[in-house]
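Working notes, beginning with the structure itself.
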Amino acid sequence: MAVTALYVHVPFCAQKCRYCDFDSRSFAPCDLSAALDAYFEQLFARLDAFGKADALDQIQIRTVYVGGGTPSLAGERLVELARRIRAWCAPVEFTCEANPESLTAELATALVKVGVTRVSLGVQTLDNAELTAIGRIHDADRALAAIATVKNAGLDVSCDLMCGLPGQTAASWKRTLDGVLVAAPHHVSVYPLTLEEGTPLYRMARRDESLEPDEDFQASCMDLARELLGAAGYHPYEVASYALDGHECAHNIAYWTGRGYLGLGRSAAGMLDAEDFDRLAGLFPGVSSRGDAYRVRLVQRDDDAMAFETEYLSQREAAAEDLMLACRMTRGVASDLLVRAAFVIPTGELAAACDHALELGLATWVPEALGAHEGSFTSADVVAGRARARLAPTHLGWLDGNVLFELFWGLA
């Protein structure tokens, strides 16, 4: 597992959205600046420690993603963060999340100058009533202006959209898609709304069932998005992601293809193989290695990186996780990944999981070898390395991905 990605979390928002269960804080304007200063001081110190770690000479960070929260709320602090990250690594893709109301032309230009290449905008919808219903504080005009601002600065822009929102209709969803396509971002992510326990929208839905997302409606929204985005030249490469050619999010692909990653900031997650963790153990005080661990996942639980939640995965669990995550990708599970997994998962169990996915209509074999066709081999052939084919999600497997994911995580 090569460590190629860095995630940095900025847990501050001007106002927390009603559906959000991410780690973020909102402050009165008079307190926000001081809170941001204190948090970024800790981040800068953490970055300095990373930059001085001897083992980082052996790690090639290719992608950086600054998420939140609302990183654009930090203004010049975000620019300085990017500058300090660039001081010890040279990523080919550098993404910062932003919300339309806090992204200015000045900030976008400054981010370009320090090496940021991409901005991910939380648009969600272009219907103002729907924006109000979920607690967003921008309007549709501001969202479209933000897309133009990012593009004019020379940055790639991605838009996040959500379906199944309170009050959303098929007509309003189509208007959102049409409006975003006119704005022509480089990348679009489409997510069905999920009511997370403890959020304001969850509590509201307990009192008013009409606020519960309708899964059939969400499925029709996802279908329409795929149809319209595909017709406009955006190809689906992951369960929620569409991109123009050459504009796929390399950072997210690293997550879905089992690459190692580092996390900085409160609630930021990192994942390392045991060997890399041992080399970098000094960066994670109080966390010990474990002899039977093949992979280590760490989540920072405080601001100053003194407390971590740790999960240790066996080699079999890591293989099952890699298979599950590969099912998120449109290309699916490559034959070489299935063959590697068969070293730690009994081939009969692995082949049976593949067969079950086929029987349920969730996946299909796509031959990787020239001249081959699906009927010329079995799941057992691919798992044993006697045939080359990838197990790709079908339309049903894309819409009902959780069932497909569980088939392979169940092998852990």
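For HIS395, HIS235, the ranking by accessible surface with the largest value first comes to HIS395, HIS235, using a 1.4 Å probe. Projecting each Cα onto the charge dipole of segment 280-384 (Lys/Arg +1, Asp/Glu -1 at the beta carbon, about the Cα centre), which of PRO285, ALA342, THR330 comes out farthest on the positive side? Going by the Cα projections, it comes out as PRO285. A simple charge model with +1 on the Cβ of Lys and Arg, -1 on the Cβ of Asp and Glu and nothing else charged puts the dipole of segment 283-368 at about 140 debye relative to its Cα centre. For LYS151, a cut-off of 24 angstrom between C-alpha atoms picks up these lysines, skipping any fewer than 8 places away in its own chain: LYS113, LYS174.
Using a cutoff of 8 angstrom between alpha carbon atoms and counting only pairs six or more residues apart, the relative contact order for segment 259-315 works out to 36 percent.
Taking the Cα centre of segment 116-192 as origin, sum charge times position over the Cβ atoms of Lys and Arg (+1) and Asp and Glu (-1), and report the length of that vector in debye to the nearest 20. Dipole magnitude for segment 116-192 comes out near 100 debye.
Rounded to the nearest 20, the size of the Cβ-charge dipole of the chain about its Cα centre is 820 debye, with Lys and Arg at +1 and Asp and Glu at -1.
The accessible area of LYS16, taken with all protein chains in place and a 1.4 Å probe, comes to roughly 80 Å². A probe of 1.4 angstrom, applied to the heavy atoms of all protein chains, finds TRP398 with accessible area near 20 square angstrom. Amide H contacts under 5 Å for ALA389: SER335, GLU368, restricted to partners 5 or more places along the chain or on a different chain, H placed in the peptide plane at 1.01 Å from N. Taking amide H positions as modeled 1.01 Å from N, with prolines and chain starts lacking one, the residues under 5 Å from CYS163 and 5 or more places away or on another chain are TYR191, LEU193. Accessible surface for the chain, divided over its residues, is 43 Å² per residue with a 1.4 Å probe. Note: relative contact order over the chain, using C-alpha pairs below 8 Å and six or more positions apart, is 14 percent. Summed over qualifying helices (DSSP H, 4 residues or more, each -39500 (n - 2.57)) and divided by its residue number, the chain shows a 222 nm mean residue ellipticity of -12000 deg cm²/dmol. How many nm is it between the label spots at ASP223 and ASP37, if each spot is 7 Å from the Cα in line with the beta carbon? In this crude spin-label approximation the distance works out to 5.6 nm. On the chain, 51 percent of the accessible area sits on carbon and sulfur atoms, based on a 1.4 Å probe. Largest accessible area first, the listed residues ARG118, ARG259 line up as ARG259, ARG118 when surface is computed with a 1.4 Å probe on the assembled protein chains.
Centre-to-centre separation between the Cα atoms of segment 218-272 and those of segment 179-210: 17 Å. Listed values [x] 21; [y] 28; [z] 32 include one computed from this model; for percent of Cα pairs over 36 Å apart that value carries the label [y].
The values are calculated or read from the model by the stated rules, or taken from the named source; none is laboratory data. Being a predicted model, the structure only gives us computed values, none of them experimental. Backbone-built Cβ (ideal geometry, glycine too); neighbour counts: all protein chains shown. Side chains included, ligands, DNA and RNA excluded: accessible areas come from the protein's heavy atoms. Shrake-Rupley method; radii C 1.70, N 1.55, O 1.52, S 1.80 Å.
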